[in-house]
Each structure stands twice: as C-alpha cells, then as structure tokens.
Amino acid sequence: MKNYLYLITINIYWGFTTVYMKHALFFMNSSTYVGLRMLSGAIFCFVFFRKEWKSINKKSIIQGIILGLLLMTNLELTVWGLEYTSSTNCVFILQLSIIVVPLIECIRTKTKPKKELVFVIIGVMIGMIIMCSEKGLNINVGDLLIFISMLANSLFIIVTSEFVKTSSEGALSIIQLITATVFGLILTFFTGFTIEVNTDSLMILIITGVVGSGIAYSMQLIAQKEVSTTIVSLTTTLQPVFGMIGATLIKDLYGNVEVISRMQLIGCIIILTSLVIYLVHQSRIINIKNKTELLK
C-alpha cells in the first residue's frame, strides 16, 4: 500500500505543478527549461544518493542511460508538441498509455486482461472524453509529437519496472537524470540557451526540478519495485485531473486562473472513482495474498 501512496502522491504533485511548467516558458525556452530541470534533479540525486555511488556499475550505467533517453524524449516531445496543439489534445493523447502499457504487458506475458482492468480503463477513458468534450479534439502535427511522447513514456514505465529488479534505484536515478541533463543541454546548442534569472524562475526549477524530478522520479523507481506497470500507468491519469485543479488555484504571471466547467468536473469525478475502486480492489487482493503466505 505504501508504494501505491508513493505513486498517487507524485502524480498528484506532477499534476498540480503542470502550471509551473507553462510559467517556466515566460523565462526560458523549452530546451533550456528541460535541461535545467533535469540538472537540478540530478544534483539532488547526486547528493541524496551519495551512498549509492558504490553501487553504480556497467549495468546500471547502461540502464540509466536508456531511462534518461526515454525520459528526455518524453519531456521534449511533450513541450514541443504543446507549441502546435492544445493542452486538451495533449492530456487526452498522453493518457492513452493506460491502454498501451497493459496491452504490451498482456502481449509480453501472453495473458488476457482481467475484467477489473478493462472496467477501470473504460471508466477512465469515458472520464477523459467528457473532460475534453467541450473544447473538441482537432488532430494536427502537434498531436503526432504528443503521441510519440506517450509511446516513449509507456516504454519508460515498462522498462523501469524491469531495471529496478536488478539495479539500485539510487544508481538509476543518478544516471538517468544526468543523461537527461546532458542531452537536454545539448539541444540548447540548436535552439539557443535563454533564461531570465529571477526569484520566479529559480522557484520553478526548485518546484519542478529538485522536487518534481529529483525526489519524484526517485520515488517512482522505488515504487515500481513492487507495483505492476499497469497500476503505474493508471495512476498517471491523476496528473490531468489535478493539473486542472492546480490551474484554478495557482495564478499565472498576470494573476489569471482557469475555471473548471461542469463537464470537466464530471469527467474528473468519473476518473477518480474508477481509480479508487480499482486500487482498493488491488489492495484487498494483496492483503489476502499476504495473509495466505503468513498462514503457510
């Protein structure tokens, strides 16, 4: 249950702080932001996981580089895609991972999806459609970029679950964030390194970098040692829900906030209800298994 709470907490946090990602673009371009965000997270992991330095070996370096590249691809394509498509389309397409991840897992393990999983996927997709219904979905080139980003994130979730079985999460955290930092800053040579250093920009890097990347991605690695990739993908649906809530509470540089419509609220309730029912069901199964093992 603790690992469930880790995933729920970080996805709620990522959702709330989505608004700060948008605010960051007032002070720096997307490549600069992503590079500095990963750098601040890497510095945190490098200090916090200093005892894990000894566990860094050839395997963890290779695995960390793969994770870093997938993470970098996901973030860069998401930010790039948002320049061409609406946030509504972005949210909807990114949540397709709740279908892609279980589908890949079923193919990989040669098993059929359980009816509880089918139920929650249908419930979440209905909620997402209702949330996005008012603004509509008009497909364009940005949507293709977001779709590729979603595939990279789905692969990131699946690969992470495999890598944490054989490598230290601390070592993986350090290497993946260093890799993402290096490639992120390399991109700035092509797009330009631009930043306005002030209290607001530094606060954004702390909120989304140190906490949102350094702490959050480390928590995700720890949680994925015990939690299935399917549940990991399902908990990501909390991001758009709480991103919407965060946008109504956190003012932008001009003092403006967004307003949640009735349809968006209904969509949020359906998504949260579906997730709660599924997670409670899964926790009961785990408790029964633990009690059975104790009796043995």
Cut-off 19 Å, label 7 Å out along Cα→Cβ of THR166, residues of the stretch 58-86 by amide N:
58-70
Work out how much length PHE26 to LEU5 would gain on full extension: take 0.36 nm times their residue separation and subtract the Cα-Cα distance, in nm to one decimal.
4.3 nm
Given a Förster radius of 22 Å and the C-beta distance between ILE195 and THR248 as r, what FRET efficiency does 1/(1 + (r/R0)^6) yield to the nearest 0.05?
0.20
Please work out the C-alpha center-to-center distance from the stretch 114-179 to the stretch 184-213 and express it in whole Å.
23
With a ≥ b ≥ c the root eigenvalues of the C-alpha gyration tensor of the stretch 1-159, is it rounded (a/c under 1.5), prolate (a/b larger than b/c) or oblate?
oblate
Which of the pairs LYS110/LYS165; LYS58/LYS165; LYS2/LYS110; LYS110/LYS225 have their Cα atoms more than 19 Å apart in this structure?
LYS110/LYS165; LYS2/LYS110; LYS110/LYS225
Other residues with Cβ under 13 Å from the Cβ of ILE277 give, with Lys and Arg +1 and Asp and Glu -1, a net charge of +1
For the chain, report the % of Cα-Cα distances exceeding 31 Å.
28
Only Lys, Arg (+1) and Asp, Glu (-1) charged, at Cβ; the stretch 1-74 dipole about Cα centre in debye:
280
In whole Hz, what ³J(HN,Hα) sequence does the stretch 222-227 give by Karplus (6.51, -1.76, 1.60; θ = phi - 60°), x for Gly and Pro?
4, 5, 6, 6, 10, 9
So, with +1 on the Cβ of K and R and -1 on the Cβ of D and E, and no other charges, what is the size of the charge dipole of the chain about its Cα centre, to the nearest 20 debye?
1260
Would you mind classifying the stretch 125-282 by shape? Square roots of the alpha carbon gyration tensor eigenvalues, ordered a ≥ b ≥ c; an a/c under 1.5 is rounded, otherwise it is prolate if a/b is larger than b/c and oblate if not.
oblate
Cα lying deepest toward the dipole's positive end in the stretch 2-295, options THR230, VAL34, ILE175, charges on Cβ
THR230
Pairwise FRET efficiency - GLU226 versus LYS112, Cβ, R0 = 35 Å, nearest 0.05
0.90
Karplus ³J(HN,Hα) for the stretch 71-79 (6.51 cos²θ - 1.76 cosθ + 1.60, θ = phi - 60°; Hz, whole; x = Gly/Pro) runs 5, 5, 4, 4, 5, 5, 5, 5, 5
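Values in this text are rule-based calculations from the coordinates and carry no lab data. Keep in mind that this is a model prediction, so the values were computed, not measured. FYI the Cβ positions are ideal-geometry reconstructions off the backbone, even for glycines, and counts take in every protein chain you see.
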